[in-house]
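The values are calculated or read from the model by the stated rules, or taken from the named source; none is laboratory data. Since the structure is predicted, the reported quantities are computational estimates derived from the model, not experimental observations. Heads up, the Cβs are rebuilt from the backbone with ideal geometry, glycines too, and the neighbour counts pull from every protein chain shown. With ligands, DNA and RNA removed, areas are computed over all heavy atoms of the protein, side chains included. Shrake-Rupley method; radii C 1.70, N 1.55, O 1.52, S 1.80 Å.
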Amino acid sequence: MKIVGIVGSNADFSYNRLLLNFIAKKFKKLIDVEVLDIKDVPMFNQSNDQTDSDLIQHLNKKILAADGVIIATPEYNHSIPSALQSVLEWLSFRIHPLDGKPVMIVGASYDVQGSSRSQLHLRQVLDAPGVNAVVMPGNEFLLGEVHKAFDEERNLKDSETTQFLESCIKKFIRFINVVNVMDSPDGMKDLSSTEDLYATGSIDTTIEGINMSDDDWVEQAATKTNAVEGNTYVKLDRGILTVDQINQFLKSMPAELTYADSNNQFLYYNYKYEAEDMLAARRPEQVGNPLAECHPEKAFSGVAWVIQQLRSGKQDIVRTHVPTHGPDKFVVHSYQAVRDEDGNYLGINEYVRDIKPTIDWYLEQTGQQLTGGGVDAVSGATSKVDTVSGATVKDK
């Protein structure tokens, strides 16, 4: 998700620039932030139109191309700086890149109130005719006494402040998705804006207080929940196994297994090979990540479509074949809905198999053979292709 961060000060040194740079660095796995300065933008003067200048057009194009905008404002005399007001006037004079654009406001100030009054004023400006930005309500991030807030490496010192900022960023992602859905035409096919692939929400089993993107999420989560391990027994529906036995049992499965919960958080895979030796690469440090961090952005729409099929109950299992492994493998990805006794969606059981060894064994045992033309020589059933997922489905 591409975000433009606008520094609301034209000063050579700005704590609000530090704040935006911190957001870009700390939350780079959630959002891609490009920080833009306004210090060289001329003051607004209708009689000397600078709309077509390189500086203003640069801002215009960057905002238009972004999914959302974060504006970081200091507070001068209970209001926003004149430089920021001037930029907003340029961006609402003959061009209107903020029209309908999701905007989040943050601010840092020497005062203990942390730019609260300037943020209120900025909301009013952004709501003005000609600007018409869609400003995220509430979720005010007010960084007071900013001269004490950063350490020598320009990171926020207080962990609770960082956690609150992270919650605001995640809510902004959800806000952008909501705005996109509202503005989308009827019959839209891209469901990535309706499915929260960044797992910004939570469910009953979400382990709170741990960054999903941390490489050691499993270790942190195990410590926080006092998770059992080793030879500790676990009572299952129809059996009792130790954790070690469960691990070995799952590793012995003739498939690569992955589980993601209904909040779209990747929670488990049966680790038995290194990523380069897997049919669908997984790495230990990915466990705990939101699904958005496990897929390239170009795949988001397809991932969201699969989840929506399962979540909505339209399908209980979606299958697709992956021909890129070569002619000596028949690799099938299966995505199966996990549901409780009442049918409530709990997540996805993804299992990936090369089915060619099984097919070869079956043909050898039966003396039968495959033929071309999409015909099953054993049953005579013809096949059809699911044009949405690319999965081959047998007629019944």
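Counting only residues 5 or more places away or on other chains, whose amide H sits under 5 Å from the amide H of residue 107 once H atoms are built in the peptide plane?
73, 141, 143
How high is the relative contact order of segment 193-356, given as a whole-number percent (alpha carbon pairs under 8 Å, six or more residues apart)?
So the answer I get is 23 percent.
If packing is taken as the average count of other Cβ atoms within 10 Å, what order do 285-291, 314-320, 40-46 fall into, highest mean first?
285-291, 314-320, 40-46
Share of antiparallel DSSP beta bridges in the chain, in percent to the nearest 5?
Of the beta bridges lying entirely in the chain, close to 65 percent run antiparallel.
Using 1/(1 + (r/R0)^6) with R0 = 51 angstrom and r between the beta carbons of residue 237 and residue 52, what's the FRET efficiency to the nearest 0.05?
E between residue 237 and residue 52, to the nearest 0.05, is 0.15.
Among residues other than residue 133 whose Cβ falls under 11 Å from its Cβ, what is the net charge (Lys/Arg +1, Asp/Glu -1)?
0
Amide H of residue 270: which non-local residues (sequence gap of 5 or more, or other chain) have their own amide H closer than 5 Å, using H built in the peptide plane?
Close amide H contacts, sequence-distant or interchain: 257.
Give the accessible surface of segment 7-78 per residue, rounded to a whole number of Å², with probe radius 1.4 Å and ligands, DNA and RNA excluded.
Per residue, segment 7-78 has 51 Å² of solvent-accessible surface.
Going from the alpha-carbon gyration tensor of segment 2-183, what semi-axes, largest first and in whole Å, does one get by taking the root of 5 times each eigenvalue?
25, 19, 15
Could you give the nm distance between label points at residue 76 and residue 178, where each point is 7 Å from its Cα heading toward the beta carbon?
3.3
Report, please, the projected area of segment 193-356 averaged over directions, based on the convex hull of its C-alpha atoms, in nm².
The directionally averaged projection comes out at 10.7 nm².
Can you work out the accessible area per residue across segment 193-356, with the rest of the protein chains kept in place, probe 1.4 Å, in square angstrom?
56
In segment 221-267, if every C-alpha pair distance is counted and binned at 10 Å from zero, what percent goes to each bin?
Going out from 0 Å in 10 Å bins, segment 221-267 shows 21, 42, 35, 1 percent.
What order do you get for 2-8, 168-174 when each peptide is scored by the mean count of other beta carbon atoms within 10 Å, highest first?
2-8, 168-174
Please quote Rg/Rh for the chain to two decimal places, taking the Kirkwood radius as Rh and restricting both calculations to Cα atoms.
Over the Cα atoms of the chain, Rg/Rh equals 1.07.
Could you check the simple spin-label distance between residue 45 and residue 246, using points 7 Å along Cα→Cβ, in nm with one decimal?
With each label placed 7 Å out from Cα toward Cβ, I get 7.2 nm.
Listed highest first by mean packing, meaning other Cβ atoms within 10 Å per residue, what order do 70-77, 362-369 come in?
70-77, 362-369
Please give the Cα centre distance for segment 335-367 versus segment 217-272, rounded to the nearest Å.
After rounding, the separation between the Cα centres reads 19 Å.
What spacing in nm lies between the two simple spin-label points modelled at residue 32 and residue 299, each 7 Å away from Cα in the Cβ direction?
Once both label points are built, they end up 1.6 nm from each other.
Return the carbon/sulfur percentage of the accessible area of the chain, one whole number, probe 1.4 Å, all protein chains in place.
Using a 1.4 Å probe with all protein chains present, the chain comes out at 50 percent carbon and sulfur.
Show me, for segment 49-64, the HN-Hα J-couplings you get by feeding each phi into the Karplus relation (A = 6.51, B = -1.76, C = 1.60, θ = phi - 60°), rounded to Hz, glycine and proline as x.
Values, residue by residue: 5, 10, 4, 8, 5, 4, 4, 6, 5, 4, 4, 4, 5, 5, 5, 4 Hz.
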